[in-house]
Amino acid sequence: MANPVEQADVRRYAPGPEMAGGLGAWASRFTHRNARFIFPAPAFLVVALIIVYPVIYTGWMSLQEWFASSLTAPKFIGLSNYQKILLGDPRFQHAFFLTIWFTVIAVSAETALGLGMALLFNREFWGRGLVRTLSILPMMATPTAIALVFVMMYHPTLGVMNYLVSLVGLPLFKWTYSSASALYALALVDVWEWTPLIMLIALAGLAALPKEPYESARIDGASAFQCFYLITLPLLRPTLVVAILFRAIDALKTFDIIFVMTQGGPSNASETINILLFNQAFSYFNMGYASSMAVALFAIVMGASLILMKVRRVGW
Amino acid sequence: MVDRQTKALLWKIAFYAAVVVVMLPTVFVFYWMISLSLKPQVEATAFPPHFFWFSVTLKGYADVFAKNPFLLYTWNSLVVARGCTLLAKLVGLPCAQWRQRGLALAILVARIIPGISYLIPWYILFRNLKMVDTYQALILTHLVVGLPIVIWVMIGFFEDIPGELREAAMIDGCTDYGAFWRVAVPLVKPGVVATGILSFIFSWNNFLFSVILAGRNTRTLPIAVFNMIGYEEINWGPLAAAATMITLPVVILTLIIQRHIVTGLTFGAVKG
């Protein structure tokens with residue numbers, strides 16, 4: 001923003017708005033004075049229509065029982081849906097556990113691998129640009145297409161993954177085709193897609209670290225491991241927490257790859273809250289109950305974000 | 001005792017070996033997608049798999065077009081992604097210029113809200129308006145993924161423009177509106193292009209909203225490919241061909257704007 005004096009000068013000397021008369025001039029004067037409200041107005045409108053309205057509607061719908069029928073109106077049932085979520089629905093509790101577990105294993109693997117890769121790549125070397133470019137591709141590629149490729153790679157008898165596993169001498173897996181391993185196989189896809197994001201964020205963080213602590217540590221005779229553990233990690237922590245925050249938010253909401261690859265199966269082994277909620281809403285048209293689950297999922301994601309933001313400020 | 005030069009060379013070799021090993025999974029999945037799309041049926045499902053030497057055929061690609069209205073789906077994806085991008089720019093750029101922190105914050109919260117919680121009200125709303133299976137419904141809803149990127153990344157770009165430039169334009173007789181679109185926006189063109197491409201990609205990739213709100217006439221590529229899984233079973237050529245064709249435009253666009261992608265994905269929190 002320009003300071004007020006400058007703005008006043010502009011008004012006095014500008015031949016346009018302030019001097020001229022008539023309706024058009026009045027309009028442009030009005031626009032000028034209220035520009036900071038008028039310019040963002042369309043965005044406000046769009047946000048109100050496609051974000052605020054649905055959020056309020058979901059909250060209201062979560063208090064109703066309604067099967068998306070035009071013949072019967074929604075029935076107000078208060079907090080019963082939430083009571084059911086908290087106490088009476090083992091399937092939701094199962095989904096809740098799976099969602100958290102999926103996020104924990106995927107994001108911790110991504111953080112460990114991403115940080116390791118960032119440390120490896122944090123130097124000048126021939127091909128650095130190429131590595132960066134290649135790293136970006138998995139996170140931008142269409143998730144549906146990637147999921148499809150993994151469906152073919154995970155095929156228990158014809159897939160390349162089992163061939164690679166057998167080369168190393170491990171027993172064969174059934175990947176997404178068995179309820180014991182489905183969630184882990186899906187987490188592996190997530191790790192493949194998103195480890196590069198943590199790597200790139202960590203790399204940006206590493207580049208911004210000051211040099212002095214390392215120099216004095218070297219003079220004091222610190223080992224490479226001590227440098228990493230006592231200098232790099234604490235200094236990098238804020239950056240790393242931001243990366244984890246972004247990943248955790250998205251991992252809790254993972255939908256595409258799970259829906260394409262297993263649709264929650266086999267026998268609910270990968271039915272996270274998102275998938276359960278989708279089926280409740282669009283297979284059973286149980287709109288009220290699905291809405292209350294949506295609110296619950298939002299609370300979970302919000303809770304996780306708040307915890308992580310707190311971790312960013314407080315010490316270890 | 002190994003002398004210093006040999007030691008340095010060994011380190012270098014070990015380092016590059018590590019780089020190759022680390023990057024191998026990334027490259028392999030894409031390589032496998034393309035190679036499956038080019039293999040004839042027998043070789044695609046051969047076990048042990050043929051890694052490097054296989055006969056090349058374009059039958060998979062031909063099948064995709066023969067069995068599905070794939071061009072229509074591509075057109076649908078293009079219309080929706082382009083529409084979403086244009087609208088996001090039209091609405092988002094003025095908003096980013098007049099940094100409305102409140103709205104920007106609301107949009108960040110929107111990033112946290114699970115996409116599926118918008119979907120139930122949208123579905124009911126668009127069903128009542130008879131707008132399910134229209135481009136308008138898809139474009140509007142895809143704004144939820146497209147608009148935040150434009151607003152958040154562009155705030156950073158507009159902050160770098162000195163306010164005097166706009167004032168100068170207005171002394172020369174520009175209105176606020178003119179000064180914005182004719183002076184400020186061209187100055188941040190690289191940012192506009194980058195965020196435009198980002199929101200295009202996000203819309204192009206979107207599965208969740210389209211799977212419910214797209215119908216027979218407006219089905220976009222991700223949904224079309226998802227539907228193919230059921231039909232094709234282990235006829236992998238066409239599946240891999242379709243996957244390759246969806247991914248290709250994204251890869252090209254990604255290469256154009258790769259500098260801005262981390263900034264975009266983290267909403268400007270991390271300058272990539």
Diffing segment A:149-157: the Karplus 3J(HN,Hα) column from phi (6.51, -1.76, 1.60, θ = phi - 60°), in whole Hz with x for Gly and Pro, holds 4, 5, 4, 6, 6, 7, 3, x, 9
Residue by residue through segment B:199-204, the couplings from Karplus 6.51 cos²θ - 1.76 cosθ + 1.60 with θ = phi - 60°, in Hz, x for Gly and Pro, are 6, 4, 5, 4, 5, 4
Taking chain B and counting helices only, DSSP H stretches of n ≥ 4 at -39,500 (n - 2.57) each over all residues, the nearest-500 ellipticity at 222 nm comes to -23500 deg cm²/dmol
Residue-ordered couplings for segment B:52-63, obtained by feeding phi - 60° into the Karplus form 6.51 cos²θ - 1.76 cosθ + 1.60 and rounding to whole Hz (Gly and Pro as x), are 10, 9, 8, 7, 9, 9, 9, 4, x, 5, 4, 4
The size of the Cβ-based charge dipole (Lys, Arg +1; Asp, Glu -1) of chain A about the Cα centre, to the nearest 20 debye, is 460
The answer for A:Gln64, listing residues at least 5 apart or on another chain whose modeled amide H is closer than 5 Å to its amide H, is A:Ile77
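Which whole-number percent is the relative contact order of chain A (Cα, under 8 Å, 6+ apart)? Before the final figure, lay out the partial values.
Numbers: 316 pairs, mean separation 80.2, N = 316.
For chain A, the relative contact order is 25 percent.
Do the sum for chain A: with -39,500 (n - 2.57) for every DSSP H run of n ≥ 4, divided by all residues, what is the mean residue ellipticity at 222 nm, to the nearest 500 deg cm²/dmol? The partial results should precede the final answer.
Numbers: 17 runs with 212 residues, N = 316.
Taken over chain A, the calculation gives -21000 deg cm²/dmol.
Only Lys, Arg, Asp and Glu count, each charged at its Cβ (+1, +1, -1, -1), so figure out the dipole size of segment B:58-265 about its Cα centre, rounded to 20 debye. Walk me through the intermediate numbers first.
Working: 15 positive and 10 negative charges, 70 e Å.
Magnitude of the dipole: close to 340 debye.
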At q = 0.14, 0.15 1/Å the base-10 log of I(q)/I(0) from the Debye formula over the alpha-carbon atoms of chain A is -1.14, -1.21
By the Cα gyration tensor axes a ≥ b ≥ c (a/c under 1.5 gives rounded; else a/b larger than b/c gives prolate, otherwise oblate), the shape of the protein assembly as shown is oblate
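Once you sort the root eigenvalues of the Cα gyration tensor of chain B as a ≥ b ≥ c, which label holds: rounded (a/c under 1.5), prolate (a/b larger than b/c) or oblate (the other case)? Please list the in-between numbers first.
Numbers: a/c = 2.46, a/b = 1.25, b/c = 1.97.
Oblate shape, in that a/c is at least 1.5 and b/c is the bigger or equal ratio.
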Each residue of B:34-41 has, on average, a number of other protein chain C-beta atoms within 10 Å of its C-beta equal to 1
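Each reported figure results from applying straightforward, stated rules to the coordinates on display, with no laboratory input. Since we're looking at a predicted model, the values are computed, not measured. Cβ: placed from backbone, ideal geometry, glycine included. Neighbour counts: every protein chain shown.
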